[in-house]
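As structure tokens, the structure follows; a few thoughts come after it.
The values are calculated or read from the model by the stated rules, or taken from the named source; none is laboratory data. In this text, all values refer to a predicted model and were calculated from it rather than measured experimentally. So basically every Cβ, Gly included, is an ideal-geometry build from the backbone, and we count neighbours across all protein chains shown.
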Amino acid sequence: MPDPLTTPAAELPVRRLGPEDLDRCLALSEDRAWGREERKWLFLLENAEVYAIEAPSGELAGTVTLTRYGTTAAGIGMMLVATRYGGRGLGRRLMTHVLDTAGDATVFLWATELGRPLYEKLGFETLGVTEARVGRLRPGDDPVLTRPADLGSDLDADPGFDPGSDLDALLALDAEVFGADRAALLARLFAFAEQVRVVEDETGPTGYAVSWRAMNNMLFIGPVVAGDEAAARALVTDLARDADGLVRIEVERTRPGLLDWLGERGVSQAFSTSFMVHGGRPLPGDRTRLYAPMMLAMG
Ligand SMILES: CC(C)(COP(=O)(O)OP(=O)(O)OC[C@H]1O[C@@H](n2cnc3c(N)ncnc32)[C@H](O)[C@@H]1OP(=O)(O)O)[C@@H](O)C(=O)NCCC(=O)NCCS
């Protein structure tokens, strides 16, 4: 195995990882003080393309994930290079690899301040700033305005799979808003989720949102798809009602009303990332109804 300390980055092999590589991914995350996000890494290893450069010791020198939504769009995440291999072109090598793999898709990512200079060099443009908010959400005395989605039986566990009455409607709604095919991924997310809730009018579901457990039992909320901000708040409130701990949600700065409301309810701790798109390409879908992404690593 070539040594990243002595081999030019352009000559280093990039390998696709699988669930069996979980421990090595966790070790790399810890090296960059990102924490052991075990459930999230496993979800990515099972449902996204995870690429890595390996060191002769067997450790990972760097990783990046690519989540392809048909041929229309693709999200990049988990761009990590181990501290001892930093500044040697591994980040550029990995990013160039996934950009080539993504082909003609519109490629997007959320960048930390450490990552942004590299992405700018490779042709990404910043379209906005997203705040990751963490806190204990106080539901106040809001009434319950949403209901649990009927998603039928577990796709993996039940050979006589019953799709449930909401599945088709939620997938169709999501396709309209996200603008690219993520039906298979959403089906996996619904199985992984703590809760999926729906808002509706007389025509059927007009919004939905998902909560899922991550590191330290924190409850992540996303995606949130809604017709207006009041509906988005209702979905978030109802998902967080029984959270029993911290919740996390990512919201763009172009939604100050929602951010202020989260702050008033106690979800105020934040860090921000830049939302970047490659080559100034247009994003598909109707993003006005996308109030929060599924997860920053995927879109
Ligand atoms: C961001 C990160 C992946 C960069 O990896 P890296 O292997 O050190 O980057 P490279 O050596 O490939 O750098 C590629 C180019 O970007 C530039 N660059 C990288 N980081 C930079 C920084 N913080 N400031 C300015 N320029 C930077 C390099 O100068 C280099 O330019 P060149 O190719 O024209 O010479 C790495 O620092 C890291 O893992 N950081 C912690 C985790 C993180 O924040 N990841 C980003 C998540 S969005």
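The residue that is nearest to the ligand (Cβ to nearest atom), among those in region 116-149 that are buried (at least 20 other Cβ atoms within 10 Å of the Cβ) and part of a loop (DSSP other than H, G, I, E, B), is Leu137. Picking from residues in region 94-115 that are within 6 Å of the ligand (Cβ to nearest atom) and touching a residue at least 40 places away in the same chain (Cβ under 8 Å), the one that is farthest from Ala73 (Cα to Cα) is Thr112. Residues that are surrounded by 17 or more Cβ atoms within 10 Å (Cβ to Cβ), over 14 Å from Thr237 (Cα atoms) and under 15 Å from the mean Cα position of the chain (by Cα) within region 188-213 comprise Leu189, Phe190, Ala193, Trp212, listed in sequence order. Look at region 76-93: where a residue is near the ligand (Cβ under 6 Å from one of its atoms) and a partner is among the hydroxyl-bearing types (Ser, Thr, Tyr), sitting 6+ places away or on another chain with Cβ atoms under 6 Å, you get Leu80/Thr63. Strands (runs of 3 or more DSSP E) fully within region 198-299 that include at least 1 residues being aromatic (Phe, Trp, Tyr): 204-213, 219-225, 269-278, 290-292. Residues of region 46-72 that are more than 14 Å from the chain's Cα centre (by Cα), assigned to a strand (DSSP E or B) and not charged (D, E, K, R): Tyr51, Ala52, Ile53, Leu60, Ala61, Gly62, Thr63.
Results for (1) surrounded by 13 or more Cβ atoms within 10 Å (Cβ to Cβ); (2) at pLDDT below 95; (3) under 24 Å from Gly299 (Cβ atoms), shown as yes or no for each residue.
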{"position": "Pro4", "(1), (2), (3)": "yes, no, no"}
{"position": "Arg16", "(1), (2), (3)": "no, no, yes"}
{"position": "Leu45", "(1), (2), (3)": "yes, no, yes"}
{"position": "Thr67", "(1), (2), (3)": "yes, no, yes"}
{"position": "Leu94", "(1), (2), (3)": "yes, no, yes"}
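Whether a residue is buried (at least 20 other Cβ atoms within 10 Å of the Cβ), in contact (Cβ under 8 Å) with a residue 12 or more places away in the chain and within 21 Å of Asp174 (Cβ to Cβ) was assessed, and Arg281 does not pass this test. Any residue in region 204-211 that is at pLDDT below 95 and among the polar types (S, T, N, Q)? No, there is no match, as no residue in region 204-211 is at pLDDT below 95 and among the polar types (S, T, N, Q). When restricted to residues that are over 24 Å from Phe190 (Cβ atoms) and under 17 Å from the mean Cα position of the chain (by Cα), region 268-299 contains 8. Candidates Ala9, Ala27: the one that is among the aliphatic types (A, V, I, L, M) and under 13 Å from Gly58 (Cβ atoms) is Ala27. Screening Asp260 with (1) without any contact (Cβ under 8 Å) to a residue 24 or more places away in the chain; (2) within 16 Å of the ligand (Cβ to nearest atom); (3) not β-branched (Val, Ile, Thr) gives one miss only, at (2). Look through region 11-32, keep the residues that are farther than 22 Å from Trp212 by Cα and hydrophobic (A, V, I, L, M, F, W, C), and return whichever of them is farthest from the chain's Cα centre (by Cα). Going through the qualifying residues, I end up with Leu12. Does Ala270 qualify as being at pLDDT below 95, of a type outside the set (Asp, Glu) and surrounded by 14 or more Cβ atoms within 10 Å (Cβ to Cβ)? Answer is yes for this residue.
Taking region 79-92 as the range and being surrounded by 19 or more Cβ atoms within 10 Å (Cβ to Cβ) and not hydroxyl-bearing (Ser, Thr, Tyr) as the test, the residues that pass are Met79, Leu80, Val81, Ala82, Arg88, Leu90, Gly91. Apart from one condition, Asp31 fits all of (1) more than 13 Å from the ligand (Cβ to nearest atom); (2) at pLDDT 95 or above; the exception is (1). Report whether or not Ala172 is within 22 Å of the chain's Cα centre (by Cα) and surrounded by fewer than 17 Cβ atoms within 10 Å (Cβ to Cβ). Judged against the criteria, Ala172 is a match. In region 59-75, the residue that is farthest from Asp31 (Cα to Cα) out of those that are more than 12 Å from the ligand (Cβ to nearest atom) and of a type in the set (A, V, I, L, M, F, W, C) is Ala73.
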